[in-house]
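Let me begin by presenting the structure, written as structure tokens, before commenting on it.
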Amino acid sequence: MRTQIGIIGAGPAGLFLSHLLHRAGIDCVVLEARSRAYVEGRVRAGVLEPGTIETLEYLGLDARMRREGMVDEGLDIRFRGKTIHLDLPGLTGKRVTIYGQQEVVKDLIEARLKDSQPLLFDAKVSGISDLDGDRPKIHFNHDGRDEVLECDYVAGCDGFHGVSRAAVPAGRITDFERVYDFAWLGVLSRSKPLADMTYSNSDRGFALCSRRSGTVSRLYLQIDANDDHESWSEDRFWDELHARMFDENRDEIVEGEIFQRDIARLRSFVASPMQYGRLLLAGDAVHITPPAGAKGLNLAVADVRVMAAALVDFYRTGNRDRINGYSGKCLDRVWKTVRFSTTLTGLLHKFPEHSPFERNLQLAELEYIFGSRAAQTTIAERYVGTPLDPL
Ligand code: RFL
Ligand code: PHB
């Protein structure tokens, strides 16, 4: 098999990239280790920045998102029973949209298959060879057969546990990492959500009330890194959520049937540079932001927009300057975004290692934000995201 760009992974990074390239007349093949049902059922992100919305619009894939997505104008942060209300349009002129990542993924998969463009599920990549040459090869297994895909460039969009980053020779990429001693337990519940996206910093730990529709809530609790689902009965979950959201009378947060749950360990991670030879890395394959801030998917889209523009330039002009500058261009946004998500994580969570001194600093910072429009603006403008280069 041969193509121009071999894309590993059909998450948001790989799928958006495939559509951007197809629109520019560049051939690509997407290889995805899991089944279509698995990929479409994976519940994750929910907040889309204007740059991500604009990308869907440019690709002509925004119709369902416009119908079913919810425009969000506010972000609340609770602490000590007070609420900091960030009025996003008032502070930034922008809004975000709530539309589940798995819905975006479904829309992108459907459109690619409708265009009869290659997207192989159950196609697990085992390795990449000849990254230093001009014909790199992707080795994968599909339908029980070992196959090789030869291409001009490989786009490593295979998430944090993928094989692309690992294909780079030792010493050529540096990892910067911070792993937290806690995780998020996320659930979907059939219950009326709070009107606003609400983060809470309480003495008991962090909680977040988000939503997926008028009748489905997306709720998160900070839990211990070693906790498993067994440690969190439904009763314990609801008790803790009411307490952490300062809903002592249990009359604000509506409880409902929990029909999905997942646990994600928190991590801040950047691998730099984001390229080696003929391999370009994007999305979670090369950086992870902790989920406070809701940035991971949006950052993956920002990466592949830069990557697609660089590849288009190369195929039009034969000049590789923009491809060679890919990592440098992306890393500026990546580090700023990781810094924002890391700061928000530090502001909102309960750190087991914190002394009362550090807890008081955290509360002092929240009091400052409560009373300062300037401080609210710096959070709001990073939450809605900064503009991307025009498409
Ligand atoms: P993905 O989505 O992990 O996709 C990678 C794909 O690669 C496949 N793969 C392979 N395929 C072939 N061969 C192999 N050897 C392979 N190894 C792996 C995998 O099966 C998979 O399909 O990475 P991508 O595309 O970079 O997208 C990144 C986002 O998924 C991620 O950053 C976000 O979900 C993060 N995130 C959020 N981001 C936001 O922008 N807004 C949010 O509100 C938000 N909330 C969240 C989040 C992540 C969370 N978790 C679960 C960590 C909330 C949570 C709880
Ligand atoms: C979500 O709706 O899933 C969500 C919202 C805000 C975050 C993370 C996740 O920071």
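Some notes on this structure:
- Close pairs from the stretch 93-107: first in contact (Cβ under 8 Å) with a residue 40 or more places away in the chain and more than 12 Å from ligand 2 (Cβ to nearest atom), partner basic (K, R) and not in a helix (DSSP H, G or I), Cβ under 8 Å, at least 6 apart: V105/R42
- Count - residues of the stretch 187-219 that are of a type outside the set (G, A, S) and over 20 Å from G69 (Cβ atoms): 6
- Hits in the stretch 245-286 - residues which are aromatic (F, W, Y) and within 19 Å of H161 (Cβ to Cβ): F269, Y276
- If you go through the stretch 147-199 and keep only what is more than 28 Å from I263 (Cα to Cα) and among the hydroxyl-bearing types (S, T, Y), you end up with just Y153.
- Failed criterion for H139 (all others in (1) within 14 Å of ligand 1 (Cβ to nearest atom); (2) assigned to a loop (DSSP other than H, G, I, E, B) hold): (2)
- Screening the stretch 179-196 for residues that are loosely packed, with under 14 Cβ neighbours inside 10 Å and outside any loop (DSSP other than H, G, I, E, B) and picking the one that is nearest to the chain's Cα centre (by Cα) gives V179.
- Condition check for R339: within 16 Å of ligand 2 (Cβ to nearest atom) and without any contact (Cβ under 8 Å) to a residue 24 or more places away in the chain: yes
- Selected residue (criterion: surrounded by the most Cβ atoms within 10 Å (Cβ to Cβ)) from residues of the stretch 352-391 that are out of contact with any Phe, Trp or Tyr (no Cβ under 8 Å at 6 or more places or on another chain), over 16 Å from D203 (Cβ atoms) and among the small types (G, A, S): G385
- Considering (1) buried (at least 19 other Cβ atoms within 10 Å of the Cβ); (2) away from ligand 2 (no atom under 15 Å from the Cβ), the lone condition that H229 does not fulfil carries the number (1).
- Of all residues making up the stretch 197-226, the number that are acidic (D, E) and either within 15 Å of ligand 1 (Cβ to nearest atom) or in a strand (DSSP E or B) (or both): 1
- Elements of the type helices (runs of 4 or more DSSP H) sitting completely within the stretch 229-337 and holding at least 2 residues that are within 14 Å of ligand 1 (Cβ to nearest atom): these cover 296-317.
- Checking G162 against (1) surrounded by 14 or more Cβ atoms within 10 Å (Cβ to Cβ); (2) within 16 Å of ligand 2 (Cβ to nearest atom); (3) in a loop (DSSP other than H, G, I, E, B), the condition it does not meet: (2)
- Every condition in (1) surrounded by 14 or more Cβ atoms within 10 Å (Cβ to Cβ); (2) touching a residue at least 40 places away in the same chain (Cβ under 8 Å) holds for A207 except the one numbered (2).
- Residue match in the stretch 4-14 (condition: within 16 Å of ligand 2 (Cβ to nearest atom), touching a residue at least 40 places away in the same chain (Cβ under 8 Å), within 18 Å of the chain's Cα centre (by Cα) and under 20 Å from G127 (Cα atoms)): yes
Values in this text are rule-based calculations from the coordinates and carry no lab data. As the structure is a prediction and not an experimental result, all values here were calculated from the model. Here Cβ is always computed from backbone atoms with ideal geometry, including for glycine, and neighbour counts include all displayed protein chains.
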